[in-house]
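Report on one structure; see the data block that follows.
The values are calculated or read from the model by the stated rules, or taken from the named source; none is laboratory data. Fair warning: this is a prediction, and the values are worked out from it, not measured in the lab. Glycine also receives a Cβ, built like all others from the backbone with ideal geometry; neighbour counts cover every protein chain displayed.
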Amino acid sequence: MGTIKVKNGKKHAIKVITSVDQGAAISNRDAVMDARAIQAVKSAVAKAEFCKKPVAKYDIAAKKAYIEYADGVRKYVE
């Protein structure tokens, strides 16, 4: 099954599964549900951008959340 990392929190253990191992770790039904959830989020973001509403996003390089406005201005959240 490849590399699976287990990170122990205070109450729960969380298994982080790589995309290579995803097929063996989740059922087809769960994979379909995940795909639908991803498409729903993409659709909601596209609708908000079309309606010129601000959208919350995450900058991976800076490791910070920000709000992007319709004019392209980014305001980082503290």
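When region 24-60 is limited to residues that are part of a loop (DSSP other than H, G, I, E, B) and not hydrophobic (A, V, I, L, M, F, W, C), the one that is surrounded by the most Cβ atoms within 10 Å (Cβ to Cβ) turns out to be Pro54.
Could you list, in sequence order, the residues of region 61-74 that are over 18 Å from Lys47 (Cβ atoms), among the charged types (D, E, K, R) and surrounded by 10 or more Cβ atoms within 10 Å (Cβ to Cβ)? Within region 61-74, Lys64, Arg74 meet the criteria. May I ask you to list pairs of residues, at least six apart or on different chains, whose Cβ atoms are under 6 Å apart, with the first in region 59-77 being at pLDDT below 95 and the second being in a loop (DSSP other than H, G, I, E, B) and surrounded by fewer than 12 Cβ atoms within 10 Å (Cβ to Cβ)? Cβ pairs passing all conditions: Ala70/Lys52.
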